[in-house]
Amino acid sequence: MTMRLTRIAAALGMLALAVSATSCTHHTSGNTAATTSSSAAATSTLAPVPRVTGAHLPPFIPSAAVGANCQYPRSTDSAAKAAPAPPTGKASADPAQIGLTVVTDRGRIGLQLANNESPCTVSSFVTLAQGAYFDNTECHRLTTSRALSVLQCGDPKGDGTGGPGYQFADEYPTDQYPAGDPALKQPVVYPRGTLAMANAGPGTNGSQFFMVYRDSLLPPAYTGFVTINQAGLAAPDKIAAAGVSGAGDDGTTPNEVSITSARRD
């Protein structure tokens, strides 16, 4: 199993059409990433494009199941780099927010991790960061279409196939829908400033993640567990402004983009 955003790539054409077809209903969201979109967009240095429209992420409704039993079973692929294992079992949702800073060769990216909403995901991300797993790795994928504007990182192999040797279940917003709900396949707006887990299908989260630098349409099947602060958005903006290598709007960056370190504040 590879950890590329395979479903995103396959759906690019469909999502582009969905920009005009998706409902414009706005739902108030309890997710912190969703509430920062407007203010973050005001500081963007990217050339303006028409905003995508569609349903927004659902409000976060806490339940006893959140963080009750975090499990990280081995994946079919071996670890791309030596990776510390996150603790299994119940994960504390306290503190509600955890600060973490990613340092790249294009600038520092300050993050606020929603530990109260996705504690299993946060535990994995922090464990990998503190274990230097993300150090000296490449952000290997950039998309620049109107419907999908993300920078993908977190793979030590640098080709979209690497992971930590384990996988884990999806959390917010996926866990706000009943299993099998058709709405899980309908695109919603992941707002600018969201960082979410990349996956290859349900329950296949590993180490790869993507930063949303412009509002994007995706099905709510990707755990969005981080808010990128406004100053931190300058780095992905700068990277996106340089465009994608060659023709098209999905590929590698003209110059390698590297993460120097990622550590809890």
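The values are calculated or read from the model by the stated rules, or taken from the named source; none is laboratory data. Only a predicted model underlies this, so the values are computations on that prediction, with no experimental measurement involved. Note: accessible area is taken over every heavy atom of the protein model, side chains too, but ligands, DNA and RNA are not part of it. Shrake-Rupley method; radii C 1.70, N 1.55, O 1.52, S 1.80 Å.
Non-local amide H neighbours of residue 170 (under 5 Å, H modeled in plane, Pro and chain starts lacking H): which ones?
Correct list: 203.
Using a 1.4 Å probe, how large is the accessible area of residue 177, given in Å² and rounded to the nearest 10?
Counting only protein heavy atoms, the figure is 40 Å².
Got a sec? What order do 141, 146 fall in by accessible area at 1.4 Å, biggest, i.e. largest, first?
Values: 141 30, 146 100 Å².
Listed by decreasing accessible area, they come as 146, 141.
Just to confirm my numbers, what's the Cα centroid distance between region 151-177 and region 181-210 in Å?
9 Å
On the protein heavy atoms, probe 1.4 angstrom, tell me the percent of accessible surface of region 140-229 carried by carbon and sulfur. List each step's numbers first, then the result.
Values: 1180 of 2090 Å².
Exposed carbon and sulfur together represent 56 percent of the surface.
Near the amide H of residue 115, under 5 Å away, which other amide H atoms are found, from residues 5 or more places off or on another chain, if H is placed in the peptide plane?
97, 98
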